[in-house]
Amino acid sequence: MALRLSVWFDYASPYSYLAVSRVERLAAAQLPGAEIDWRPFLLGPIFQRRSSNPSPFQDVSPAERGYRWRDIERHAALYAIPWHRPTRYPPMGLNAARLTLVALAEGWGAALIQVVYRAAFAEDRDIADTDVLHSLVAGLGRDAPAALARAGAGEIKADLTRQVETAINGGLFGAPSFVVGAGPDGTGGEVFWGNDRLEQALTWAAKPWL
């Protein structure tokens with residue numbers, strides 16, 4: 001059975017954008033044959049369960065907030081990843097996350113994830129806008145009206161809610177998170193949190209040192 005690397009991400013997270021833009025290339029080089037298990041979820045419900053409800057970017061000092069934006073800008077340049085600081089922050093990723101569940105079920109989720117992230121963090125487009133999502137899906141050669149209609153159905157909405165609960169029950173608290181050797185629900189393996197832990201997660205997957 002191929003090694004599974006579960007990638008948990010939230011479209012509101014710019015650090016997830018950095019990681020998602022790199023993970024397939026790095027995994028192919030370091031873990032040939034590994035399975036990337038894409039797991040869209042929402043951080044909002046997780047933050048709401050914290051006593052002070054802190055959001056990583058919004059509940060910090062101006063100096064720290066400025067540092068984090070500069071940190072992302074530096075990393076994007078280092079990785080040669082297109083970057084444009086979004087005028088709408090955080091991006092509202094609920095509809096995009098639901099749409100991604102549809103795309104993953106139909107086998108084109110990996111491509112959609114990339115174009116949604118680029119729209120949000122490289123092109124400064126509003127990924128909450130149905131017209132934007134329609135254009136992204138159509139650009140992939142898919143039936144955009146059908147995909148969007150399915151994304152708005154109760155079944156997919158319930159699936160995303162369950163995905164969030166699975167993340168919480170699996171001990172996940174931030175995005176991006178990488179779970180090495182995860183079970184069928186994307187949890188249960190070794191957890192690495194943050195874009196700066198992606199390389200470490202891949203190294204662990206090749207040969208755990210603990």
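Selection of segment 138-176 for residues being under 18 Å from ALA103 (Cβ atoms), of a type in the set (A, V, I, L, M, F, W, C) and out of contact with any Pro (no Cβ under 8 Å at 6 or more places or on another chain) yields ALA138, LEU140, ALA144, ALA146, ALA147, LEU148, ALA149, ALA151, ALA153, ILE156, ALA158. Within segment 125-183, the only residue that satisfies the criterion of being touching a Leu at 6+ places or on another chain (Cβ under 7 Å) and either loosely packed, with under 14 Cβ neighbours inside 10 Å or hydroxyl-bearing (Ser, Thr, Tyr) (or both) is THR130. Inside segment 181-200, residues that are over 19 Å from ILE72 (Cβ atoms), touching a residue at least 24 places away in the same chain (Cβ under 8 Å) and under 16 Å from the mean Cα position of the chain (by Cα) make up a count of 2.
Per the listing ILE127, ILE113, ILE72, the residue uniquely touching a residue at least 40 places away in the same chain (Cβ under 8 Å), aliphatic (A, V, I, L, M) and assigned to a loop (DSSP other than H, G, I, E, B) is ILE127. Looking only at residues of segment 95-113 that are surrounded by fewer than 16 Cβ atoms within 10 Å (Cβ to Cβ) and closer than 16 Å to GLY152 by Cβ, we find that the one that is nearest to the chain's Cα centre (by Cα) is ALA105.
Contact annotation: residue pairs with Cβ atoms under 6 Å, 6 or more positions apart or on different chains, pairing a residue in segment 132-156 that is among the charged types (D, E, K, R) with a partner that is at pLDDT 95 or above, are ARG150/VAL102.
Filtering segment 2-41 to residues that are more than 9 Å from the chain's Cα centre (by Cα), outside any helix (DSSP H, G or I) and modelled with pLDDT of 95 or more leaves LEU5, SER6, ILE36, ASP37.
The values are calculated or read from the model by the stated rules, or taken from the named source; none is laboratory data. Small disclaimer: the values here were computed from a predicted structure and weren't measured. Positions of Cβ are generated from backbone atoms using ideal geometry, with glycine treated the same way; all protein chains shown enter the neighbour counts.
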